[in-house]
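Comments concern the structure below.
The values are calculated or read from the model by the stated rules, or taken from the named source; none is laboratory data. In this text, all values refer to a predicted model and were calculated from it rather than measured experimentally. So basically every Cβ, Gly included, is an ideal-geometry build from the backbone, and we count neighbours across all protein chains shown.
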Amino acid sequence: MKGRKSDNKKNKIIFVVGPTAVGKSRIAVSLAQKINAEIISCDSMQVYRGMDIITSKPPLRLRKMTRHHLLGVVSPVKTYNVARYRLDALKKVKDIFRRGKIPLFVGGTGLYMSILIDGIFKVNCENSNVRKRLYKEAEQMGSGYLHNRLLKIDPQAAQKIHPHDARRIVRALEVFGACGKPISVLQKQRKGLADAYEVKIFCLNIERDKLYKRIDSRVDRMFSQGLVRQVKQLIKLKLGRTASGAIGIRELKGYLEGLSDLGAAISLMKKNTRNYAKRQLTWFRKDKRIEWIGIDDKETPESVANRIVKKLKA
């Protein structure tokens with residue numbers, strides 16, 4: 001992995017990522033015990049308090065086996081974004097290294113992973129007026145129209161962004177409009193963990209039909225654990241923008257308001273969770289630094305962890 005030379009390069013930072021319900025938590029705990037690591041959550045939802053069921057937070061017994069960080073540390077009514085997460089996570093990295101242990105990031109939020117590894121913009125390239133105008137154009141003309149414009153001003157960025165990814169296209173055009181420089185040029189000026197440490201990324205994956213069965217089973221388990229009661233409490237709050245996007249809130253709101261039955265809500269939540277898993281895998285497949293770890297239903301978390309340990313020693 002590219003980066004400037006540093007005395008810290010001998011220190012490893014490990015990421016275990018993958019789609020929801022693939023089994024990251026148990027494998028990560030087993031891995032942490034084998035390599036003397038502490039786990040830092042890399043999940044945009046598990047950071048919130050009072051959302052243990054809806055975010056599938058690792059069970060207490062796993063958290064007792066290995067020290068976990070950035071789980072349930074923010075009120076769901078508060079605004080919490082990737083920039084704040086990055087600052088909190090970097091502090092945890094330093095603390096863990098001071099204790100002579102290895103930071104092990106675990107989660108499925110690709111954006112959080114990328115910002116940590118590659119860094120974040122230090123310059124203020126934002127213009128809300130430009131952003132609003134671009135989104136309006138995307139609605140009227142389609143994201144492909146804006147993508148063609150991006151191809152002309154920043155072909156390097158355009159090649160990495162899907163023509164249907166309106167959010168990232170708008171961001172790239174906004175940066176160019178606000179700072180006068182292509183986002184691809186500014187991204188090269190960022191500094192992240194990869195510049196100072198040896199970073200290893202492993203993405204867990206399983207056959208699609210098996211993953212979907214795991215997702216369905218997890219959703220059923222969430223309902224048996226009291227998901228309806230938890231969502232009922234959450235929708236009484238004025239949730240922050242990120243927390244309000246947790247899968248399960250919108251799907252159950254209709255049921256709680258008497259607009260749909262419980263079976264329909266459960267089916268919709270399973271469908272949306274499967275779609276989310278697809279998006280996660282799409283994000284991770286774009287990162288060529290990732291080593292993929294195929295797992296099987298019959299394989300234990302310990303055996304998967306052992307395979308990762310071998311790769312770390314190779």
Note to self: Checking the condition at pLDDT 95 or above and surrounded by 14 or more Cβ atoms within 10 Å (Cβ to Cβ), which residue from I293, I235 passes?
What the structure shows: I293
Next item on the list: For the range 252-260, state whether one or more residues are closer than 21 Å to S25 by Cα, at pLDDT 95 or above and assigned by TED's automatic domain parsing to the domain that holds G18.
Entry: no
Note to self: I'm trying to understand the selection: among the residues of the range 80-134, which are in contact (Cβ under 8 Å) with a residue 60 or more places away in the chain and hydroxyl-bearing (S, T, Y)?
What the structure shows: Y80, T109, Y112, S114
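Out of the range 109-145, which residues are closer than 28 Å to T273 by Cα and among the aromatic types (F, W, Y)?
Here is the first cut: in the range 109-145, the ones closer than 28 Å to T273 by Cα are 109-118, 135, 138-139, 142-144.
Across the range 109-145, the qualifying residues are Y112, Y135.
Of all residues in the range 53-66, count the ones that are among the hydrophobic types (A, V, I, L, M, F, W, C) and surrounded by fewer than 19 Cβ atoms within 10 Å (Cβ to Cβ). Please lay out each step first, then the result.
Our first condition is that a residue be among the hydrophobic types (A, V, I, L, M, F, W, C); within the range 53-66, this holds for 53-54, 60, 62, 65.
With surrounded by fewer than 19 Cβ atoms within 10 Å (Cβ to Cβ) added as a condition, the list becomes 60, 62, 65.
Final tally of qualifying residues: 3.
State whether one or more residues within the range 72-81 are over 30 Å from K236 (Cα atoms) and either assigned to a helix (DSSP H, G or I) or within 17 Å of the chain's Cα centre (by Cα) (or both). Talk me through it step by step, then tell me what you get.
So the first thing to find is which residues in the range 72-81 are over 30 Å from K236 (Cα atoms), and the list is none.
Within the range 72-81, none of the residues are over 30 Å from K236 (Cα atoms) and either assigned to a helix (DSSP H, G or I) or within 17 Å of the chain's Cα centre (by Cα) (or both).
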Notebook entry, point to check: Can you name every residue in the range 67-77 that is surrounded by 21 or more Cβ atoms within 10 Å (Cβ to Cβ) and farther than 16 Å from T242 by Cβ?
Noted result: H68
Next item on the list: Look through R214, R221 and report the one residue that is assigned by TED's automatic domain parsing to the domain that holds E299, surrounded by 14 or more Cβ atoms within 10 Å (Cβ to Cβ), out of contact with any Pro (no Cβ under 9 Å at 6 or more places or on another chain) and not aliphatic (A, V, I, L, M).
Entry: R214
Next item on the list: State whether the residues of the range 36-48 include one that is surrounded by fewer than 18 Cβ atoms within 10 Å (Cβ to Cβ) and touching a Leu at 6+ places or on another chain (Cβ under 9 Å).
Entry: no
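Report those helices (runs of 4 or more DSSP H) wholly inside the range 140-195 carrying at least 2 residues which are within 23 Å of the chain's Cα centre (by Cα) and over 18 Å from V130 (Cα atoms).
Values: elements: 143-153, 155-160, 166-179, 183-187.
Helices (runs of 4 or more DSSP H) meeting the threshold: 155-160, 183-187.
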Checklist line | Of the criteria (1) surrounded by 19 or more Cβ atoms within 10 Å (Cβ to Cβ); (2) out of contact with any Gly (no Cβ under 9 Å at 6 or more places or on another chain), which one L193 fails | finding: (2)
